[in-house]
Amino acid sequence: MIKVITIIIINIFLIYSLMICEVVYRMKNISKTIMRILFINLLFITLILADVKVGEGFPSLALLNQQSKKVEIPKKGEVLLLISFEKDTSTAIQEFLKEKKSDFLSANNMMYISDISSLPSFLVNLFVLPKLKKFDFEVALIYDENELDREEEKITVIHIKDNNVTSISFIEVHELEKFMVKPTSF
């Protein structure tokens with residue numbers, strides 16, 4: 001929703017700027033220019049708000065781990081992504097993984113991804129990263145806005161096979177242990 005509001009505000013600002021240009025420079029094709037800009041922005045909005053869908057390729061994400069090393073989602077084979085978008089779901093995944101062996105994620109073809117794009121950078125640098133660096137498992141971090149599906153207070157679980165999304169689930173925090181009993185059966 002924030003993305004839509006931001007893009008609408010940008011569109012209004014662009015139209016207002018073009019109207020000022022009309023007055024100042026007496027542009028003759030202002031309506032055509034406005035229509036072109038609105039069309040390009042509408043296309044841009046569609047691309048930004050495109051959801052990840054089952055049967056489609058998984059989008060490329062710029063991910064860094066807690067040690068600031070680049071992380072890539074494998075293009076070949078199967079992988080299960082555990083994605084948190086909120087502090088509570090992130091804490092639940094971290095507590096769950098702290099109880100497991102350090103190779104639990106890799107041994108089960110899983111990745112833990114935490115979306116920190118909504119946090120101010122000073123909070124990330126002062127509090128979040130120092131805490132995450134203490135873990136012996138890898139946490140891939142999303143710093144930029146993204147198009148991944150989410151539900152409030154739920155963990156997004158995406159199963160990918162050969163870079164194609166095969167399933168998307170939203171699980172409650174208390175379901176994490178049940179869901180992971182047989183992680184290879186996704």
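Worth a mention:
- Annotation: amide H of residue 114 within the under-5 Å range of 84, 140, 141, 142, sequence separation 5 or more or interchain, hydrogens built in the peptide plane.
- Amide proton proximity set for residue 166, modelled H, under 5 Å, gap of 5+: 55, 159, 160, 161
- Where labels lie 7 Å past Cα in the beta-carbon direction, separation of residue 169 and residue 119 in nm: 2.7
- Integer Hz, Karplus 6.51/-1.76/1.60 couplings in order for the range 135-142, x for Gly and Pro: 6, 8, 10, 7, 10, 7, 10, 9
- A Förster distance of 25 Å, applied to the separation of the beta-carbon atoms of residue 136 and residue 9, puts the FRET efficiency at 0.05.
- Spin-label zone in the range 83-112 - amide nitrogen under 19 Å from a point set 7 Å from the Cα of residue 177 along the C-beta vector: 88-102, 104-105
- Along the range 65-76 the Karplus relation, 6.51 cos²θ - 1.76 cosθ + 1.60 evaluated at θ = phi - 60°, assigns HN-Hα couplings of 8, 5, 9, 6, 9, 5, 10, 10, 7, x, 7, 10 Hz to successive residues, with x for each Gly and Pro.
- Computed FRET value (nearest 0.05) for residue 152 with residue 109, which takes r as the C-beta separation and R₀ as 30 Å: 0.65
- Local electrostatic count, residue 64, Cβ distance below 15 Å [Lys/Arg +1, Asp/Glu -1]: -1
- Prolate/oblate/rounded call for the range 63-185, Cα gyration tensor, a/c under 1.5 rounded: rounded
- Qualifying GluC sites (Glu not before Pro) in the range 106-153, where qualification requires a DSSP coil assignment and no more than 14 other C-beta atoms within 10 Å, comprise 145, 147, 151, 152, 153.
- Each residue of the range 161-169 is assigned a 3J(HN,Hα), and the resulting list reads 10, 6, 6, 10, 6, 9, 7, 10, 10 Hz, derived from the Karplus form 6.51 cos²θ - 1.76 cosθ + 1.60 (θ = phi - 60°), x at Gly and Pro.
Every number in this text was worked out from the coordinates using simple rules, so none of it is lab data. Predicted model only: the values in this text are computed from it and were never measured. With ideal geometry, Cβ positions are generated from the backbone for all residues, glycine too; neighbour counts draw on all protein chains shown.
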